[in-house]
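**Student:** Please see the structure below; I have some questions.
The values are calculated or read from the model by the stated rules, or taken from the named source; none is laboratory data. The model shown is predicted, which means the values in this text are computed figures rather than measured ones. When we count neighbours, we look across all protein chains shown, and the Cβ atoms used for this are built from the backbone with ideal geometry, even at glycine. Note: areas computed on protein heavy atoms with side chains; ligands, DNA, RNA excluded. Shrake-Rupley method; radii C 1.70, N 1.55, O 1.52, S 1.80 Å.
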Amino acid sequence: MSTNHSCVTNFILLGFSLGRHTQLFLFILILIIYSMTLLSNLLIIILVTSQRSLHKPMYFFIGNFSFLEMWYTTVTVPRMLKDLGGRNKTISSTDCISQFYFLFFLGATQHFLLAIMAYDRFLAICYPLRYTNLMCKSTCGKLAAASWIAGCLSISLPAVMMSRLVFCGPNTIDHFFCDFSPLLQLSCTDTWLNEILFSAVAWTVILGCFFFTFMSYASVITTILRIPSSLGRQKAFSTCASHIAVVGIFFGTVMFMYIRPKAKSSSPVDKVVSIFYSVVVPLLNPMIYSLRNKEMKTALWKAVGKHKRI
């Protein structure tokens, strides 16, 4: 640790260098997207918990995923809106490290949940006769809890290591949230161990979950192609098509950001990609994953009809 520098206790999030009118437009757009994300995911949670027809393992995990998405987008978007709408873009180092931890804790949990949801579809389509016994209520609860615990623990050590770094200035973060690479670039202490540790965790979680998810859906697609009835194939594939779309979008953007030979590197494109996976994808997920689902839409119209009768 260097003793020739004064420690920085506050950072300035630069965000996007835009004109005032462009910032106002972006503020309104992101506020609308954020509000729609919260409302759509909340709607899914209410439907899954209130409609008996959705009391199935797949929808239990979708409800968990929606709850997770609400918190995941809340870690970054409110702060982004504050910076777009005001002039004070300062964030304390404690709040910055906290944001870093919760962002990657919830992000890692997303990976584990998506892998579990792929496993659920694998069992439902490849072993339909044993599915009810294999994915009983207690098993679903344990798998969901395991994904949350694994996400929490996986990023704990990198976050602790990040909190031990010394930041000596400049104190400007060229991003709209406290991401790994921009923070590392501001440290005046040796960061090689942080880079190795974070990369090891990122590669293990992202590639491990991606490989498991890919193998599950590969087995699912292989089984679907063996179904003799074209109607049966169409029904089975329609259940998984939206799942595969979500997985492709999420893993694609995250791999671009964090699966790199050198984790400390960053570029202006990173901010655009970060906007996509932290703002846009959480809105797309409930639309692709749930609200296009036939059972979900039936449950929605049933709930609306019941409300009208009241």
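**Student:** With the condition kept exactly as written, say whether any residue in region 67-90 is in contact with a Phe, Trp or Tyr (Cβ under 6 Å, 6 or more places away or on another chain), under 22 Å from I46 (Cβ atoms) and of a type outside the set (A, V, I, L, M).
**Tutor:** Checked region 67-90: no residue is in contact with a Phe, Trp or Tyr (Cβ under 6 Å, 6 or more places away or on another chain), under 22 Å from I46 (Cβ atoms) and of a type outside the set (A, V, I, L, M).
**Student:** Output the residues belonging to region 251-295 that are surrounded by 17 or more Cβ atoms within 10 Å (Cβ to Cβ), in a helix (DSSP H, G or I), at pLDDT below 80 and hydrophobic (A, V, I, L, M, F, W, C).
**Tutor:** M257, I288
**Student:** Could you identify the single residue in F177, F122, F167, F112 that is within 30 Å of K56 (Cβ to Cβ), among the aromatic types (F, W, Y) and out of contact with any Gly (no Cβ under 7 Å at 6 or more places or on another chain)?
**Tutor:** None of the others qualify; the one that does is F122.
**Student:** Need the failing condition index for T22 against (1) within 25 Å of the chain's Cα centre (by Cα); (2) assigned to a helix (DSSP H, G or I), just the number.
**Tutor:** (1)
**Student:** Out of all the residues in region 50-69, which are free of Cβ contacts under 8 Å to residues at least 60 places away in the same chain and either open to solvent by 20 Å² or more (accessible area, probe 1.4 Å) or over 20 Å from Q110 (Cα atoms) (or both)?
**Tutor:** Within region 50-69, R52, H55, K56, F67 qualify.
**Student:** Something else now. Residues of region 20-49 being surrounded by 13 or more Cβ atoms within 10 Å (Cβ to Cβ) and not hydrophobic (A, V, I, L, M, F, W, C), which ones?
**Tutor:** Q23, Y34, T37, S40, N41
**Student:** So in region 222-232, with the set limited to residues that are in a helix (DSSP H, G or I) and exposed (fewer than 15 other Cβ atoms within 10 Å of the Cβ), which one is modelled with the lowest pLDDT? Full working, then the answer.
**Tutor:** To start, the set of residues in region 222-232 that are in a helix (DSSP H, G or I) comprises 222-225, 230-232.
With exposed (fewer than 15 other Cβ atoms within 10 Å of the Cβ) added as a condition, the list becomes 222, 225, 230-232.
Numbers: T222: 87, L225: 81, S230: 74, L231: 70, G232: 67.
Only one residue tops the list, namely G232.
**Student:** Let me ask something else. Looking at region 81-92 only, could you name the residues that are open to solvent by 30 Å² or more (accessible area, probe 1.4 Å) and either part of a loop (DSSP other than H, G, I, E, B) or touching a residue at least 24 places away in the same chain (Cβ under 8 Å) (or both)?
**Tutor:** G85, R87, N88, K89, T90, S92
**Student:** Being within 19 Å of G208 (Cβ to Cβ) and either modelled with pLDDT of 90 or more or outside any helix (DSSP H, G or I) (or both) is the filter here, so list the residues in region 119-130 that pass it.
**Tutor:** If the condition is that a residue be within 19 Å of G208 (Cβ to Cβ) and either modelled with pLDDT of 90 or more or outside any helix (DSSP H, G or I) (or both), then Y119, D120, F122 are the ones that fit.
**Student:** List the pairs whose first member sits in region 9-29 and is touching a residue at least 40 places away in the same chain (Cβ under 8 Å) and farther than 11 Å from F176 by Cβ, whose second member is assigned to a loop (DSSP other than H, G, I, E, B) and open to solvent by less than 70 Å² (accessible area, probe 1.4 Å), and whose Cβ atoms are under 8 Å apart, counting only residues at least 6 apart or on separate chains?
**Tutor:** From region 9-29, the pairs are N10/N171; F11/N171; F11/C178; F11/L186; I12/K89; I12/N171; Q23/F16.
**Student:** Could I ask something else about it? Of all the residues that make up region 131-163, how many are surrounded by 13 or more Cβ atoms within 10 Å (Cβ to Cβ) and in a loop (DSSP other than H, G, I, E, B)?
**Tutor:** Counting residues in region 131-163 that are surrounded by 13 or more Cβ atoms within 10 Å (Cβ to Cβ) and in a loop (DSSP other than H, G, I, E, B) gives 2.
**Student:** Could I ask something else about it? Determine whether region 98-106 contains at least one residue that is crowded, with 23+ Cβ neighbours inside 10 Å and of a type in the set (S, T, N, Q).
**Tutor:** no
**Student:** For F177, all conditions in the list (1) among the aromatic types (F, W, Y); (2) open to solvent by 40 Å² or more (accessible area, probe 1.4 Å); (3) assigned to a loop (DSSP other than H, G, I, E, B) hold save one; what is the number of the exception?
**Tutor:** With (1) among the aromatic types (F, W, Y); (2) open to solvent by 40 Å² or more (accessible area, probe 1.4 Å); (3) assigned to a loop (DSSP other than H, G, I, E, B) applied to F177, the lone miss is (2).
**Student:** From the list L39, L113, which residue is at pLDDT 90 or above and under 22 Å from V205 (Cβ atoms)?
**Tutor:** From the options L39, L113, the qualifying one is L113.
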